[in-house]
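Student: Here you go, one structure.
Derivation of every value follows stated rules applied to the coordinates shown; laboratory data play no part. Here the structure is a predicted model, which is why all the values come from computation and not from measurement. For neighbour counting, all protein chains shown are included, and Cβ atoms are generated from backbone atoms with ideal geometry for every residue, glycine included.
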């Protein structure tokens with residue numbers, strides 16, 4: 001057999017590799033895989049679970065107790081309201097915020113170790129990867145928030161099934177929006193140190209300007225304006241409105257500890273706050289998809 005025949009036989013024995021066409025079914029499967037991977041990663045990282053819980057629990061049990069004793073010793077209407085009850089909605093938002101934003105940081109980790117490139121070259125839409133990532137981060141953050149809800153009794157919040165469902169739904173929406181925001185940032189950042197530095201720079205102002213630890217009424221004008229431009233404000237207020245709607249407190253205490261959010265004197269309804277958070281989440285998700293489609 002001459003060389004030409006051997007070459008022809010070898011060429012005839014080459015196995016062709018076919019790549020399946022993209023379809024909705026493949027994209028949904030990709031969303032499921034990315035979501036499942038996020039849950040497995042979080043479950044195996046027990047140290048991360050504990051670390052994300054410590055700070056909110058400290059705010060609730062340590063700072064909340066200290067503030068309650070301080071306010072009870074002073075003058076005013078605070079004697080009938082436990083400050084732990086007041087800051088409980090803020091602690092729920094904080095626990096979700098920390099977990100959701102840092103969950104998005106795994107994208108930077110995947111990029112450094114090459115796993116992200118493998119996902120991007122897969123025959124699925126990049127939007128499916130982003131949606132799976134956001135849903136995974138939201139599920140993980142909401143699961144973390146369930147632990148905080150288990151401490152509701154220590155803060156004087158009733159274990160009302162309707163209230164718990166409301167809080168869980170609001171926490172999931174919050175987690176999804178914040179994860180999408182974190183994914184937008186992570187898509188442009190190339191190392192973990194920069195990502196966590198930016199996150200720390202953003203988390204503290206969002207937390208302290210949200211009304212999580214103090215009422216939003218009676219603030220200076222410049223500080224009041226900043227709180228209205230903070231998206232987390234419209235997360236904390238619906239959570240607090242839900243909690244106080246299940247408490248038996250006087251109208252005076254409602255005005256003092258649950259003033260709500262106003263725009264130039266107009267009381268913003270809770271449904272509009274929820275819609276604002278949902279719209280921000282959709283915009284952040286769209287931005288993350290655009291960033292991923294531009295990625296190499």
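Student: Kindly provide the set of residues from the range 246-292 that are exposed (fewer than 13 other Cβ atoms within 10 Å of the Cβ), part of a helix (DSSP H, G or I) and either in contact with a helix residue (DSSP H, G or I) (Cβ under 6 Å, 6 or more places away or on another chain) or in contact (Cβ under 8 Å) with a residue 24 or more places away in the chain (or both), ordered by number.
Tutor: Across the range 246-292, the qualifying residue is only 252.
Student: Quick check on the range 182-193: of everything there that is in contact (Cβ under 8 Å) with a residue 60 or more places away in the chain and assigned to a helix (DSSP H, G or I), which residue is farthest from residue 134 (Cα to Cα)?
Tutor: In this case the residue turns out to be 192.
Student: I'd like to verify a number: residues in the range 210-245 that are part of a helix (DSSP H, G or I) and farther than 27 Å from residue 180 by Cα, how many?
Tutor: The total comes to 3.
Student: On the given criteria, is residue 204 without any contact (Cβ under 8 Å) to a residue 24 or more places away in the chain, within 15 Å of the chain's Cα centre (by Cα) and either closer than 17 Å to residue 94 by Cα or surrounded by 13 or more Cβ atoms within 10 Å (Cβ to Cβ) (or both)?
Tutor: yes
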